[in-house]
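Q: For reference, the structure I am asking about is given below.
The values are calculated or read from the model by the stated rules, or taken from the named source; none is laboratory data. All of these numbers come straight from a predicted model, not from anything done at the bench. Positions of Cβ are generated from backbone atoms using ideal geometry, with glycine treated the same way; all protein chains shown enter the neighbour counts. Quick note on the areas: whole protein, heavy atoms, side chains included, nothing else; ligands and nucleic acids left out. Shrake-Rupley method; radii C 1.70, N 1.55, O 1.52, S 1.80 Å.
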Amino acid sequence: MRDVSMTLSQIELALLGGLPLHKLDQLIASRCAPIYARPQSRRVACYTLHEAVMLATGMMLHERYGLGWPLIHQAIALNPELFVDPLDEADGATELEERWLAVYDEPRSASVERLTELPIPHAAQPVFLVSLSEAIRLVRRRAQGLGLVLPEPGQWGAALEAYLAEIKVRRERAAWPWAEAA
């Protein structure tokens with residue numbers, strides 16, 4: 001099995017998120033894909049596992065409610081903090097402990113909590129719910145089929161921090177003028 005710990009190619013991202021690659025390309029080009037870390041260069045498309053969960057969640061919202069990708073993008077991609085800490089709590093949770101993503105139409109916003117803790121809008125406000133725990137289960141199932149290893153339950157935040165620290169070190173090394181000579 002290949003341990004990706006944090007980074008994915010665009011093809012892997014599409015497969016884990018449940019989208020055909022050409023559709024993911026279209027969404028990225030239109031700036032409507034519910035992902036938040038853009039590749040640092042066009043030569044190497046590198047995404048995170050968090051983005052795969054975001055994409056799978058967006059796909060579930062799209063399939064179940066027919067939500068347009070611009071609304072999904074505005075609710076999810078512009079609120080990436082929704083997908084950092086809650087993944088640790090959502091991964092492996094069942095029944096009352098599951099974490100749910102609520103997308104509110106007006107004003108356009110999103111929230112992740114247990115179902116009983118989600119903000120209750122006024123009666124006329126549409127709310128679109130999807131289980132973040134279910135999205136993680138789908139991504140885990142797809143990852144096993146691809147031979148990819150995801151963080152252990154409760155380790156999503158630590159994996160992202162380690163990845164970001166590694167990227168920071170790489171950037172610092174690249175900025176050192178003598179690094180190329182070594």
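Q: Looking at the chain, send over the antiparallel percent of its DSSP beta bridges, to the nearest 5. It would help to have the intermediate numbers written out before the result.
A: Details: 13 of 15 bridges.
Once the DSSP bridges in the chain are tallied, antiparallel ones form about 85 percent.
Q: To the nearest 20 Debye, how big is the dipole of the chain about its Cα centre, given +1 on the beta carbon of each Lys and Arg and -1 on that of each Asp and Glu?
A: The dipole magnitude comes to about 840 debye.
Q: How large is the helix-only mean residue ellipticity at 222 nm for the chain, computed as the sum of -39500 (n - 2.57) over DSSP H runs with n ≥ 4, divided by its residue count, in deg cm²/dmol to the nearest 500?
A: Values: 7 runs with 79 residues, N = 182.
Helices in the chain give a 222 nm mean residue ellipticity of -13000 deg cm²/dmol.
Q: What does the accessible area of residue 100 come to, in Å² to the nearest 10, when a probe of 1.4 Å is used?
A: Roughly 60 Å² of residue 100 is accessible to a 1.4 Å probe.
Q: Same structure again: Please name which of 7, 29, 65 has its Cα lying farthest along the dipole of the chain towards the positive end, using unit charges on Cβ (Lys, Arg +1; Asp, Glu -1) and the Cα centre as origin.
A: Projecting each Cα onto the dipole axis, the largest value belongs to 29.
Q: Still on this structure, I have one more. How much accessible area does residue 114 have with a 1.4 Å probe, in Å² rounded to the nearest 10?
A: Taking all protein chains as shown, residue 114 has close to 60 Å².
Q: Also, I was wondering about something else. Report the one residue of 115, 50, 146 whose Cα lies farthest in the direction of the positive end of the charge dipole of the range 45-182 (charges on C-beta: Lys and Arg +1, Asp and Glu -1; origin at the Cα centre).
A: With unit charges placed on the Cβ atoms, the residue in question is 146.
Q: Separate question: At a probe radius of 1.4 Å, what is the per-residue accessible area of residue 111, in Å² to the nearest 10?
A: Residue 111 has an accessible surface of roughly 20 Å² with all protein chains in place.
Q: Further question: Going out from 0 in 10 Å bins, what whole percent of all Cα-Cα distances in the range 13-167 drops into each bin?
A: 11, 42, 36, 10, 1
Q: I would also like to ask the following. From largest accessible area down, sort 168, 23; use a 1.4 Å probe on the protein chains. If you can, show how the numbers build up before the last one.
A: Details: 168 120, 23 65 Å².
Heavy-atom accessible area, descending, gives 168, 23.
Q: Then there's this: Given a 1.4 angstrom probe, I'd like the percentage of the accessible area of the range 58-98 that is carbon and sulfur, rounded to a whole number. Intermediate results must be reported in sequence, preceding the final value.
A: Details: 1010 of 1990 Å².
About 51 percent, which is the carbon plus sulfur part of the accessible surface.
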